[in-house]
Structure formats: structure tokens, C-alpha cells
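Visitor: Below is one structure. I have some questions about it.
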Amino acid sequence: MSDTQKTATLSFDGKTIELPMYSPTAGPDVIDIRKLYAQGNVFTYDPGFTSTAACDSTITYIDGGKGELLHRGYPIDQLAEKSHYLEVCYLLLYGELPSAEQLEDFETRVTRHTMLHEQMMNFFRGFRRDAHPMAVMVGVVGAMSAFYHDSTDISDPWQREVASIRLIAKMPTIAAMAYKYTIGQPFVYPRNDCDYASNFLRMCFAVPAEEYEVNPILARAMDRIFTLHADHEQNASTSTVRLASSSGANPFACIAAGVACLWGPAHGGANQACLEMLREIGTVDRIPEFIARAKDKNDPFRLMGFGHRVYKNFDPRAKVMKQSADEVLDLLGIENNPVLQVAKELEAAALADPYFAEKKLFPNVDFYSGIILEAMGFPTSMFTPIFALSRTVGWVSQWKEMIADPSMKIGRPRQLYKGETLRDYTDIENR
Ligand code: ACO
């Protein structure tokens with residue numbers, strides 16, 4: 001961000017206020033309204049933050065019009081094709097691509113932190129077997145603050161670093177154990193000789209009774225899903241993490257808040273909701289009925305996996321994900337899957353419909369990720385936990401950036417109050 005001489009002038013009620021403006025390295029200029037209340041005794045009103053920059057950041061940049069997503073300047077399609085998840089984690093956390101030595105050291109540190117404190121297993125066992133794995137994850141991630149006391153002091157950069165590595169390393173173990181618990185199978189411990197994605201697949205699908213061999217193409221697809229979800233600047237769950245941590249709360253509690261926010265169907269829960277919708281549609285002949293419902297103002301139904309707050313042209317992650325879906329389905333020999341057929345026809349029908357074109361609604365990353373995950377053998381309930389484990393590095397990077405910023409303040413929005421004004425209490429017998 002560079003300071004400029006540019007200002008914006010705001011006139012109201014006979015007052016004129018000059019507001020400083022800043023030019024970012026990319027994206028629209030911003031008007032600094034921090035002194036507006038002090039100078040003009042007014043608030044701005046922006047529920048949903050559609051026009052509000054809540055922080056400055058150097059991590060991720062999105063140009064929704066161009067369909068561009070950059071991590072530290074590198075485009076997501078290049079990272080998805082040439083890099084891999086842990087290297088992208090390093091890039092997000094530390095700002096530059098690592099040297100071979102730095103990468104090896106980082107991978108070793110992550111690998112050495114994948115096990116959970118043994119006492120945490122009892123924590124899992126307290127949940128009902130039919131609990132949603134996201135419910136288990138919200139609880140267990142929050143509970144990490146009760147197990148890793150030596151990395152909760154946010155004023156100590158070393159503890160912040162240890163907490164970051166622990167979260168990235170242990171999240172796949174937590175997600176896999178949440179899954180194993182809900183299907184009644186024994187927990188599978190992490191293995192240090194596996195890469196990050198293979199280790200996760202192993203922890204989810206291996207059983208003690210037989211050897212499990214990870215298919216390298218599926219491991220690559222898994223790694224790509226992690227990479228494509230790694231960060232997405234100030235989305236709802238990331239903003240939740242930032243807001244929670246602005247009070248000085250410990251990192252594990254803050255990331256648990258992010259997991260909770262991600263769970264909603266308008267955010268990370270959309271991948272599960274999308275696949276459930278495709279199953280509900282069931283056959284291609286029912287597609288027009290569902291398209292009509294999505295367009296009906298009086299029907300709350302929306303096409304899940306379609307639309308995005310920021311991308312108004314295409315979602316660059318969806319492009320890579322679609323290609324990955326084709327590769328995985330080809331590898332697994334899945335061609336006549338009814339869900340896949342419905343997905344393909346629905347996509348084509350929606351893209352050809354003027355309603356979706358006019359409102360700039362395109363398939364988002366969640367439209368395809370569910371198809372791949374189902375083909376890999378994951379139940380729909382695991383889709384959002386996989387998103388959560390992938391996004392952990394984004395949450396952690398944004399949290400670290402925020403804590404290290406000396407100008408950090410507690411997040412405290414204002415409101416447009418529409419309630420009663422001052423009135424006297426009425427005794428119960430007079431109401
Ligand atoms: N199906 C049908 N109509 C839609 C859809 C959809 N999926 N998405 C938006 N619209 C319509 C709205 O009804 C609205 O119409 P109107 O202008 O006539 O009132 C218009 O498009 C704009 O929609 P908003 O909800 O105002 O857009 P917003 O930016 O707030 O929402 C969101 C974005 C939440 C992603 C929305 O498109 C949606 O609900 N999509 C389905 C859920 C989904 O796939 N979420 C995943 C997001 S990506 C992620 O988290 C990784």
C-alpha cells in the first residue's frame with residue numbers, strides 16, 4: 001500500500017470532510033474512513049462488507065472480474081500445476097517460495113508434528129458416533145488450547161511459529177480421526193514416510209487388518225484439492241479468525257472459530273450441499289425443474305456450487321478442479337456415474353440460461369470438488385472437514401500477519417440502531 005496525496009471529499013449536513021486515499025499494489029483504491037466518526041459524527045453502513053477493506057494484507061489477491069487468484073503474486077493455476085500443498089503453505093506463511101533446503105526443513109517440521117497428544121483420543125470418544133465430523137473438528141481444534149499450552153502465548157513469535165506448524169500438521173490427523181470415529185473404525189496414526197496428502201488418505205482409508213497402498217494419482221488430486229483451498233483472502237471464515245484473534249485469543253481457539261464459520265452452506269458447507277443437491281436432482285430430466293426453482297424469487301432454493309461474492313466471471317480454482325475431476329474419474333473408470341451426469345448437464349443448462357449469465361453466476365470450486373471427493377470414496381460429511389484442513393494454512397498465515405502488525409486493534413464494528421429509544425421499565429402487573 002502506498003500513501004498518496006489523493007483524498008476523497010465527503011459532504012453532508014453542511015460539513016465537508018477530506019478523507020485520505022491509498023493505492024494498493026493491485027485492486028481498487030481505498031478511502032480511509034477511520035477518523036470519519038471523530039470528524040463527522042457519522043458511521044458508514046456496509047453489512048456483509050461488500051465495499052469495506054477490514055485490514056491490509058500482503059498474502060492473497062483476487063481480481064473477481066478477471067477471475068484471478070494470486071498467492072504472494074503467484075497465480076493459482078501455476079501453483080496447482082507446478083507446486084504442491086506444503087510448498088504453497090511455506091509461500092503463504094513466509095512470503096516467498098522456499099529453497100530446496102528451506103522446503104525440506106519445513107516439511108520435516110510439519111511431518112514431525114502430525115501426531116496428536118494421546119489424551120486427545122479420549123476427547124474424540126466423548127462425541128456421539130453419529131456426530132458430524134465438522135462438529136467434532138470445532139470441538140477438538142478448540143481443545144488443542146488445553147493440550148498445547150506452550151504455544152498459546154501470542155506475544156512470543158516462537159510460540160506463534162510452533163502453533164502454526166502444529167495446526168497445519170495436526171489438522172489432517174484430526175479430520176481423519178473424526179471420520180474414523182464416525183464410522184466406528186480404529187484410528188490410524190500418521191506415518192512420517194508419507195507425504196502430506198498420502199498420509200491423509202492413509203489415515204482415512206487404511207485399516208489395521210491389511211496393507212494400504214496410496215494411489216499416487218489420487219494423492220496428487222488430493223494435494224491439488226488442498227492447494228486450491230489453501231487461502232482466499234478475507235472470506236467469512238478468515239475474517240472470523242481475524243476478528244476472534246483481534247481480542248488476543250489463543251490461536252487454537254481462533255482457528256476453531258474459523259472452522260465453525262466455514263461449516264455454513266453459504267461457505268465451506270457448499271461442497272456437501274452441492275453433492276446432496278445433485279443426488280436430490282437424481283436424473284437429468286429433473287434439471288429444468290431445479291433451474292426453475294433456483295430462478296424463482298419466492299423459493300429459497302439456490303443452485304449450490306454456483307455464484308461467488310467476489311468472482312463475477314469465473315472461479316479460477318473451478319477451472320483446475322474441473323480438469324482434476326476429469327483425471328480422477330478417468331483413472332477410476334467412472335463415466336456413467338448418475339451424479340456426474342447430472343452435474344455436467346446442470347452446469348451446461350445453467351451456463352446457457354440468461355438468469356445465471358445476467359447475475360454473473362458461474363460454477364465455483366465447490367461444484368467440482370465434491371465430485372472428486374465422492375469418487376475417492378469420501379462421504380459427503382467429510383467434504384467440509386477437508387476444506388477446513390486445507391484452509392488452515394490460510395487462516396494461520398492471516399492470523400500471523402495480523403498479530404505481527406503493530407497497528408492491530410480489536411475488531412469492533414458499529415451499527416445502525418433501529419430499536420426502541422429510551423423508555424421506562426414497566427412493572428409486570430402493568431404489562
Ligand atoms: N442460485 C440461484 N441464484 C443465485 C445464486 C445461486 N447459487 N447465487 C446468487 N443468486 C442470485 C441471488 O438470488 C441474487 O438475486 P437478486 O439480485 O435477484 O436478489 C443475486 O444472485 C446475488 O446474490 P447474493 O446472494 O446477493 O450474492 P452474494 O455475493 O451475497 O452471495 C454466494 C454469494 C453466497 C456464494 C451465493 O452465490 C450462494 O449462495 N451460492 C450458493 C452457495 C455456494 O455455492 N457457496 C460457495 C461459495 S464458494 C466458497 O465458499 C468456497
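The values are calculated or read from the model by the stated rules, or taken from the named source; none is laboratory data. Note that the coordinates shown come from a computational prediction; the quantities given were computed from them, not determined experimentally. Here the Cβ positions follow ideal geometry from the backbone for every residue, glycine too, while neighbour counts run over all protein chains shown. Areas reflect the complete protein model, heavy atoms only, side chains present, ligands, DNA and RNA absent. Shrake-Rupley method; radii C 1.70, N 1.55, O 1.52, S 1.80 Å.
Visitor: Modelling each spin label as a point 7 Å along the Cα-to-Cβ direction, I'd like the residue 345/residue 425 distance in nm, to one decimal.
Guide: 6.5
Visitor: Between residue 18 and residue 209, take the C-beta separation as r, use R0 = 51 Å, and let me know the FRET efficiency to the nearest 0.05. Don't skip to the end; give the middle numbers.
Guide: On the way: r = 73 Å, r/R0 = 1.42.
That pair, residue 18 with residue 209, gives E of 0.10.
Visitor: About its Cα centre, what dipole magnitude does segment 204-346 give when the only charges are +1 on Lys and Arg Cβ and -1 on Asp and Glu Cβ, stated in debye to the nearest 20? Provide the component values of the computation, followed by the final result.
Guide: Details: 15 positive and 18 negative charges, 165 e Å.
That gives segment 204-346 a dipole magnitude of about 800 debye.
Visitor: Further, regarding this structure: Using only Cα atoms, find the angle between the long axis of helix 236-245 and the longest principal axis of the chain, and express it within 0 to 90 degrees, rounded to the nearest 10.
Guide: Result, in degrees: 70.
Visitor: Quick check on segment 100-192: take the gyration tensor over C-alpha atoms, sort the square-rooted eigenvalues as a ≥ b ≥ c, and tell me if it's rounded (a/c under 1.5), prolate or oblate.
Guide: Numbers: a/c = 2.66, a/b = 1.54, b/c = 1.73.
Cα axes put segment 100-192 in the oblate bin.
Visitor: While we're looking at this one, here's another question. Pairs to check: 297/359; 6/66; 82/322; 180/344. Give those whose C-alpha atoms are more than 22 Å from each other in this structure.
Guide: Working: 297/359 13 Å; 6/66 26 Å; 82/322 17 Å; 180/344 31 Å.
Those over the limit are 6/66; 180/344.
Visitor: Now, a different point. Can you compute the modelled spin-label distance between residue 412 and residue 56, with each label point 7 Å from Cα toward Cβ, in nm?
Guide: 2.3
Visitor: Which of the trypsin sites (Lys or Arg not before Pro) found in segment 58-124 are loop residues per DSSP with 15 or fewer other Cβ atoms within 10 Å of their Cβ? Show your work: numbers first, answer last.
Guide: Values: sites: 66, 72, 82, 109, 112; in loops: 66, 72, 112.
Sparse-neighbourhood loop trypsin sites (Lys or Arg not before Pro): 66, 112.
Visitor: Looking at segment 89-162, which GluC sites (Glu not before Pro) are in a loop (DSSP not H, G, I, E or B) and have at most 14 other Cβ atoms within 10 Å? Could the numbers behind the result be given before it?
Guide: On the way: sites: 96, 101, 104, 107, 118, 161; in loops: 96, 118.
Passing both the DSSP loop test and the Cβ count: 96, 118.
Visitor: Return the carbon/sulfur percentage of the accessible area of segment 210-322, one whole number, probe 1.4 Å, all protein chains in place.
Guide: Numbers: 2700 of 4900 Å².
Reported share for carbon and sulfur atoms: 55 percent.
Visitor: FRET efficiency for residue 331 and residue 6, Cβ-Cβ distance as r, R0 = 51 Å, nearest 0.05?
Guide: Numbers: r = 53 Å, r/R0 = 1.05.
Efficiency, rounded to the nearest 0.05: 0.45.
Visitor: Oh, and also: Out of segment 1-47, which trypsin sites (Lys or Arg not before Pro) are coil in DSSP terms and have no more than 14 other C-beta atoms within 10 Å?
Guide: 34, 35
Visitor: Here is a follow-up. Measuring from label point to label point, each 7 Å out along Cα→Cβ, what is the residue 35 to residue 286 span in nm?
Guide: Taking the simple label geometry, residue 35 and residue 286 are separated by 6.1 nm.
Visitor: If you fit an axis through the alpha-carbon atoms of helix 133-147 and take the longest principal axis of the Cα set of the chain, what angle between them do you get, 0 to 90°, nearest 10?
Guide: Approximately 80 degrees, to the nearest ten.
Visitor: Please give me the summed charge of the neighbours of residue 257: other residues whose Cβ is under 13 Å from its Cβ, Lys and Arg +1, Asp and Glu -1. Each step should come with its number before you reach the end.
Guide: Values: positive: 242, 391; negative: none.
Net of charged neighbours comes to +2.
Visitor: Continuing with the same structure: At 1.4 Å probe radius, can you tell me the per residue accessible area of the chain in Å²? Present the calculation step by step, with values, prior to reporting the outcome.
Guide: Values: 21820 Å² over 431 residues.
So the chain comes to 51 Å² accessible per residue, rounded to a whole number.
Visitor: Can you tell me how segment 204-243 classifies by the Cα gyration tensor, rounded, prolate or oblate, using a/c under 1.5 as the rounded cut?
Guide: oblate
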